[in-house]
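A short write-up of the structure that comes next.
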Amino acid sequence: MLFQKLQRFLYGRYGTDKLNLALLVLGLVLSLAGGIFFWPLALAADVFYLLALLRTFSRNIPARQRELGWFMGVWGPVENKLRLEKQRFAQRKTYKYFKCPCCRQQLRAPRGRGKIEVTCQKCRSVFQTKT
């Protein structure tokens, strides 16, 4: 009975997305910092919690999607850079990463091959590097 009422209430609502998650994490960080250092930060955290709740229960889906599009325009490149660094760290023992001296394109080669000749896929320049 209660589950059905909750289900009817949530029908047509926006729900959660990456922006809501970011707002909640930011609120958590501000809440912790406010508890340790400066108490008004904890009050600012409540604003982020409230904003996340309002976005979750909103029925104005196009407006929430525009907000998400703006956020992903800002957060997308950061997320891609973090993902690339994570992959690079995981493969650090099997691959050596370096940049092309002409176009600065990031390249990789297997470790332990000695001195090799590399052709950049982007600018087609040929150079030697040690792996």
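The values are calculated or read from the model by the stated rules, or taken from the named source; none is laboratory data. In this text, all values refer to a predicted model and were calculated from it rather than measured experimentally. Every residue, glycine among them, receives a Cβ derived from its backbone with ideal geometry; neighbour counts consider all protein chains shown. Note: areas computed on protein heavy atoms with side chains; ligands, DNA, RNA excluded. Shrake-Rupley method; radii C 1.70, N 1.55, O 1.52, S 1.80 Å.
Put simply, of N20, N60 the only residue that is in contact with a Ser or Thr (Cβ under 7 Å, 6 or more places away or on another chain) and in contact (Cβ under 8 Å) with a residue 24 or more places away in the chain is N20.
Looking only at the range 1-23, residues that are at pLDDT below 95 and open to solvent by less than 90 Å² (accessible area, probe 1.4 Å) come to 6 in all.
Listed here are the residues, each with its yes/no results for (1) closer than 30 Å to Q121 by Cβ; (2) touching a Leu at 6+ places or on another chain (Cβ under 9 Å); (3) hydrophobic (A, V, I, L, M, F, W, C).
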position	(1), (2), (3)
F37	no, no, yes
L41	no, yes, yes
E67	no, yes, no
V74	yes, no, yes
K81	yes, no, no
F98	yes, yes, yes
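Every condition in (1) under 21 Å from the mean Cα position of the chain (by Cα); (2) not in a helix (DSSP H, G or I) is met by A52 except one, and the failing one is (2). Within the range 5-25, the residues that satisfy the criterion of being of a type outside the set (G, A, S), outside any helix (DSSP H, G or I) and under 17 Å from A52 (Cα atoms) are R13, Y14, T16, D17. Of all the residues in the range 24-69, those that are among the small types (G, A, S), loosely packed, with under 13 Cβ neighbours inside 10 Å and under 23 Å from R8 (Cα atoms) number 1. Note on the range 70-123: enclosed strands (runs of 3 or more DSSP E) holding 1 or more residues that are open to solvent by less than 90 Å² (accessible area, probe 1.4 Å), touching a helix residue (DSSP H, G or I) at 6+ places or on another chain (Cβ under 9 Å) and modelled with pLDDT under 95 are 95-99, 106-110.
Of all residues being closer than 30 Å to Q128 by Cβ and among the hydrophobic types (A, V, I, L, M, F, W, C) in the range 57-105, which is nearest to the chain's Cα centre (by Cα)? Just the residue, please. The selected residue is L84.
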